[in-house]
Amino acid sequence: MTTIQTLTLTRPDDFHLHLRDGAALRDALPWTARQFARAIVMPNLKPPVVRLQQALEYRGRILAALPDGSEFTPLMTLYLTDDTTPAMVEEARRSGVVHAFKLYPAGATTNSDSGVTELKRIYPALEAMQRVRMPLLIHGEVTDPEIDVFDREVVFIERHLIALRRAFPELKIVLEHITTAQAAQFVGEAHERDAHGVPRLAATITAHHLLHNRNAMFKGGMRPHYYCLPVLKRETHRQALLDAATSGDDRFFLGTDSAPHARHAKEAACGCAGCFTAANALELYCAAFEQRDALHRLDDFASRFGAAFYGLPRNSGDVTLKRTPWNVPEHLPYADTDIVPLHAGEAMEWQVQIDA
Ligand code: NCD
Ligand code: ZN
Ligand code: ZN
């Protein structure tokens, strides 16, 4: 067997990304812009991006922060609250700038305090989204403190997602950053497609959930840089995610959920949730796909399935990775302090080739 030394992908898209704002945006954005052509930008700023006008302004700040010559396109999203109206959904659709609405159950994750308290409250907004074909992106975890943190995704599916799909059978949904065998199975069994053959239910999968199980958080001590939400699960779930991502099934596509937090905010008594993977995203996905000898499947996962789901044209141009061992820096500059990228200080086998 000859090992592949070079891999060329169509310029990929990141369908779940946190870019933050201000000095954090300035330092996070170039990492994504050098690897990806477009990204679905999460709206969980403080305060959240709730109205079209806020999304337009945030988009302007992202474009202004891009390095010279960058061709990166941010795809904006709006944050659903109990007060999101059908008129706001229609206005967002007409804008052409907003590509989805994001549902954070209130309290589920970083900056989700203004999230939805009860799904019934947003039924009018969901009805409008279904009508105007606006995708719903879901952080799929229940917030019930009685529920074990490792079970929150599965319980969300049982308690909420099944009913939601029944109530809105034509709504396009992405279950974001899935972490369990049950989530992969639920999406894999949803065969409904729209008139264009696009799946009604899809899922994004992160590189860190493909590469790590929950042991990573406790290897020799507490490892805060492996703490994210939904939290890493046991090995059987990781195997199921690898199966889904490398299966060639167009319902699973790339979303890094790169979620930067400064080092001091992670290495703390109450550390923030989120893994920073934008600086070595494609390299991490290569390592994961290689575990299944499935590098030939990465192009569809990273560059085709997500674009088709969102009704976007495929990108032109490509990006090349080479099998060139290198070490991930221990830390990188971030918002006037520093940040620890995933796999900091470790060797990586693949490296994106970027022309200077
Ligand atoms: C994300 C963040 O920091 O914004 N954190 C995370 O652990 N994934 C929020 C999210 O995507 O849930
Ligand atoms: Zn989330
Ligand atoms: Zn996220």
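The values are calculated or read from the model by the stated rules, or taken from the named source; none is laboratory data. Keep in mind it's a predicted model, so treat the numbers as computed, not measured. For neighbour counting, all protein chains shown are included, and Cβ atoms are generated from backbone atoms with ideal geometry for every residue, glycine included.
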Practice item. Please tell me if Ala202 is within 25 Å of Thr277 (Cβ to Cβ) and in contact with a helix residue (DSSP H, G or I) (Cβ under 9 Å, 6 or more places away or on another chain). Key: yes
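Does Ala278 fit the bill of being under 19 Å from Glu349 (Cα atoms), crowded, with 24+ Cβ neighbours inside 10 Å and modelled with pLDDT of 95 or more? Write out each step before concluding.
Details: under 19 Å from Glu349 (Cα atoms): yes; crowded, with 24+ Cβ neighbours inside 10 Å: yes; modelled with pLDDT of 95 or more: yes.
Spelling it out, Ala278 is indeed under 19 Å from Glu349 (Cα atoms), crowded, with 24+ Cβ neighbours inside 10 Å and modelled with pLDDT of 95 or more.
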Exercise for review: State which residue is farthest from ligand 1 (Cβ to nearest atom) when the search covers only the range 135-153 and only residues that are under 21 Å from Pro43 (Cα atoms) and in a loop (DSSP other than H, G, I, E, B).
Suggested key: Pro135
Check your understanding: Of the residues Leu25, Leu52, Leu17, Leu80, which single one is farther than 23 Å from Pro313 by Cα, in contact (Cβ under 8 Å) with a residue 40 or more places away in the chain and buried (at least 24 other Cβ atoms within 10 Å of the Cβ)?
Key -> Leu80
Revision key, fill the gap. Contact list, first residue from the range 86-110 and within 17 Å of Glu57 (Cβ to Cβ), second anywhere and in a helix (DSSP H, G or I) and within 13 Å of ligand 2 (Cβ to nearest atom), beta-carbon distance below 6 Å, six or more apart or interchain, is none
Revision key, fill the gap. Expected single match for away from ligand 1 (no atom under 16 Å from the Cβ) and in contact with a Lys or Arg (Cβ under 8 Å, 6 or more places away or on another chain) among Val98, Val132 is Val132
Exercise for review: Hey, can you tell me all the residues within the range 186-200 that are within 19 Å of the chain's Cα centre (by Cα), surrounded by fewer than 21 Cβ atoms within 10 Å (Cβ to Cβ) and not in a loop (DSSP other than H, G, I, E, B)?
Suggested key: Gly188
Check your understanding: Of the conditions (1) surrounded by 20 or more Cβ atoms within 10 Å (Cβ to Cβ); (2) within 13 Å of ligand 2 (Cβ to nearest atom); (3) not in a helix (DSSP H, G or I), Phe156 fails just one. Which one is it?
Key -> (3)
Practice item. Could you grab the pairs with beta carbons closer than 6 Å, sequence gap of 6+ or different chains, first residue in the range 319-335 and under 19 Å from Leu7 (Cα atoms), second one among the basic types (Lys, Arg)? Key: Val319/Arg11
Review point. Of all the helices (runs of 4 or more DSSP H) wholly in the range 205-307, which have at least 2 residues that are under 20 Å from Pro329 (Cα atoms)?
Key: 207-211, 263-266, 281-290
Revision key, fill the gap. Condition set aliphatic (A, V, I, L, M) and within 16 Å of ligand 2 (Cβ to nearest atom), scope the range 201-226, selection farthest from the chain's Cα centre (by Cα): answer is Ala202
Point to revise | Residue among Ala125, Ala183 that alone is outside any strand (DSSP E or B), farther than 29 Å from Gln239 by Cβ and at pLDDT 95 or above | key: Ala125
Practice item. Among the residues of the range 227-261, count how many are surrounded by fewer than 20 Cβ atoms within 10 Å (Cβ to Cβ) and either away from ligand 2 (no atom under 15 Å from the Cβ) or not hydrophobic (A, V, I, L, M, F, W, C) (or both). Key: 9
Practice item. Return yes when Leu171 is within 22 Å of Val41 (Cβ to Cβ) and either free of Cβ contacts under 8 Å to residues at least 12 places away in the same chain or more than 15 Å from the chain's Cα centre (by Cα) (or both) and no when it is not. Key: yes
Point to revise | Residue list for the range 10-66, filter: among the hydrophobic types (A, V, I, L, M, F, W, C) and within 16 Å of ligand 2 (Cβ to nearest atom) | key: Phe15, Leu17, Leu19, Ala39, Ile40, Val41, Met42, Leu45, Val49
Check your understanding: Taking Thr73, is it surrounded by 16 or more Cβ atoms within 10 Å (Cβ to Cβ), within 16 Å of ligand 3 (Cβ to nearest atom) and under 30 Å from Ala294 (Cβ atoms)?
Key -> no
Check your understanding: Among Leu312, Leu282, which is out of contact with any helix residue (DSSP H, G or I) (no Cβ under 7 Å at 6 or more places or on another chain) and of a type in the set (A, V, I, L, M, F, W, C)?
Key -> Leu312
Review point. Out of curiosity, is Arg304 of a type in the set (Lys, Arg), within 22 Å of the chain's Cα centre (by Cα) and buried (at least 18 other Cβ atoms within 10 Å of the Cβ)?
Key: yes
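Does Thr277 meet the test of being in contact with a helix residue (DSSP H, G or I) (Cβ under 6 Å, 6 or more places away or on another chain) and free of Cβ contacts under 8 Å to residues at least 60 places away in the same chain?
no
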